[in-house]
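Read the structure below first, then the notes.
FYI, it's all coordinate maths here, none of it is from the lab. Small disclaimer: the values here were computed from a predicted structure and weren't measured. Cβ sites come from the backbone with ideal geometry, for glycine too, and all protein chains shown count toward neighbours.
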Amino acid sequence: RATDAGDHRRRHGRCLCALHRCRCSYGGAALMDAFLNLFANVDWYEIWVATGDTLIMLSVSLGFTILLGLPLGVLMFLTSPRQLLEHKQLYATVGLIVNMLRALPFIILLIVMMPLTEIITGTSLGILGTLPPL
């Protein structure tokens, strides 16, 4: 019976109320206290500042992407084959620029992770050198 199981757990100092729905004295308040104790040493002001910094970085990168990426994307679409402003040479040039810009974050990540990559794989070159950043 569930009540007997709950009494047994209560006597031995453990409660699995969430799992077994027993009627013991360990209620949601104790569970909430245990959860809040996990965050007792958290500096919430520091978390707030870091969140603000993250949102600023996100806004700057979003603005940069809209200012540079949107015109390039529209230009690439309009100059593609069978479109309004079809132009093969301009399409190829814009495509090259877009592909280089798309690869830039991964190249930066490769460089930043070189020391860790050498620790993990023993080399930062070749196929093994690209696996940890991927």
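Points to keep in mind about this one:
- Scan region 28-65 for residues that are among the acidic types (Asp, Glu) and outside any helix (DSSP H, G or I) and the total you get is 1.
- Filter result for Leu38 (over 30 Å from His87 (Cβ atoms) and not polar (S, T, N, Q)): yes
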